[in-house]
């Protein structure tokens, strides 16, 4: 199995449940693992794999639409990946909010979703 990874990708968006999050852009960190079987791969051209450039573009596009929950962004990205790359067997995605609106909090908060496909 091959896993294509995006690590510590910084995205910006108007995501969250609080009104101020809709007005002021927040910063997010994205980690993405996309795994698929490599039975016939020869790895001589981009078409022999899943392009990390294509994965980044999917993430970038989905971040443009504001949503309330990080889980929703993950879900939409995973659905989009599976549609574009039917050979995918596992997607694991984490999104962290780097400036969480929590009083006296330092750190990051986030969610991780893992989906396995037959």
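Every read-out reported here was derived from the displayed coordinates using simple, explicitly stated rules and does not represent laboratory data. None of these values were measured; they are calculated from a predicted model. No Cβ is skipped: glycine too gets one built from the backbone with ideal geometry, and neighbour counts run over all protein chains shown.
Axis of helix 70-84 versus longest Cα principal axis of the chain: the two differ by about 20°, to the nearest ten degrees.
Compactness check for the chain: Cα Rg over 2.2 N^0.38 Å is 1.15. Residue exposure proxy: 90, 53, ordered by other Cβ atoms within 10 angstrom of their Cβ from fewest to most, comes out as 53, 90. When the Gaussian network model of the chain links Cα atoms closer than 10 Å, the mean-square fluctuations of 81, 102, 17 top out at 102. For the chain, the longest principal axis of the C-alpha atoms and the axis of helix 52-62 are separated by about 40°. Averaging Cα coordinates gives a centre for the stretch 1-18 and one for the stretch 92-118; these two points are 9 Å apart.
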